[in-house]
1. Please compute the volume of the convex hull spanned by the alpha-carbon atoms of the range 150-201 and report it per residue in Å³.
2. Using C-alpha positions alone, give me the convex hull volume of the range 68-148 per residue in cubic angstrom.
3. Please list, in chain and number order, the residues 5+ apart from Y130 or on another chain whose amide H is under 5 Å from its amide H, with Hs placed from the backbone.
4. Taking neighbour Cβ counts within 10 Å as the exposure measure, how do T56, T169, T64 sort from fewest upward?
5. Can you give the direction-averaged projected area of the convex hull of the alpha-carbon atoms in the range 42-182, in nm²?
6. Order of E180, E175 from fewest to most other C-beta atoms within 10 Å?
7. How would you rank H79, H163, H188, going from fewest to most other Cβ atoms within 10 Å of each one's own Cβ?
8. Using the Karplus equation 6.51 cos²θ - 1.76 cosθ + 1.60 (θ = phi - 60°), what ³J(HN,Hα) coupling, rounded to whole Hz, does each residue of the range 123-135 give in order, writing x for Gly and Pro?
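Derivation of every value follows stated rules applied to the coordinates shown; laboratory data play no part. All values derive from a computational prediction rather than experimental measurement. Using ideal geometry, Cβ is built from the backbone for each residue, glycine included, and neighbour counts are taken over all protein chains shown.
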Amino acid sequence: MPVIDANQGDASILKNPTYVKRITCLASLTPVPYPLGPIITPSERTLSDLLRRIATPCIGVCSTGIGDDVCRGCKRFSHEVIHWNSYSQEQKRSIDQRLDRFLVQVMADKLSISDVNLLRWQLDVQRIRYNPQKDIYVALFQLLRAGAAQIDDPKSFGFQLNHDWQGYTLLALREIIDREFYLLSAAHYERYIGRYLSKEG
């Protein structure tokens, strides 16, 4: 079975020196940069440290720098992006949980997980980094982000499309999910923050 990669989708990647180097680093438990989120594997840090420390949701695509109130990449609010490093772990956790809640809401509307164990096995086989403490739908989105176009049979990955969405490709569905995730975050911002800033202005 070919390993899903965000940039290349067939077995030829196994001959790619960059890919081999990445896997070698993973095998030696050496953290390497990767756009799909934090590395949740045994390392020099303890499990309690991993659970206590909240990694930045940034995926390397930030639109707040061009004036967006809500980042189109990670879906955080602009002030959250700016002040992230100064927040306590509890503040970061609150933001992280809000993002997860919105994402899961959108995902569950369109996809159903039929076999959690199979999905987790595929995540490991495909080398998708995810936080096992989070809702499994968050991990499924990581999988779609990495290789939606390369999944021909969702059931073999432990999930399926809900009835109203069965006419869509996973690639198209991934874009719809990301768009609705952004709209939920933007609506939340306007409802609880933006309108008060407008009054002050």
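1. Values: hull volume 5.5 nm³, N = 52.
Considering the Cα atoms of the range 150-201, their hull volume per residue is 106 Å³.
2. On the way: hull volume 8.8 nm³, N = 81.
Per residue, the Cα convex hull of the range 68-148 comes to 109 Å³.
3. Placed amide hydrogens put I40 under 5 Å from Y130.
4. T169, T56, T64
5. On the way: hull surface 36.8 nm².
Computed as one quarter of the Cα hull surface, the answer is 9.2 nm².
6. Fewest to most other Cβ atoms nearby, the residues stand as E175, E180.
7. Details: H79 13, H163 8, H188 17.
Starting with the residue having the fewest Cβ neighbours, the order is H163, H79, H188.
8. 4, 5, 4, 7, 6, 8, 7, 8, 8, x, 7, 8, 4
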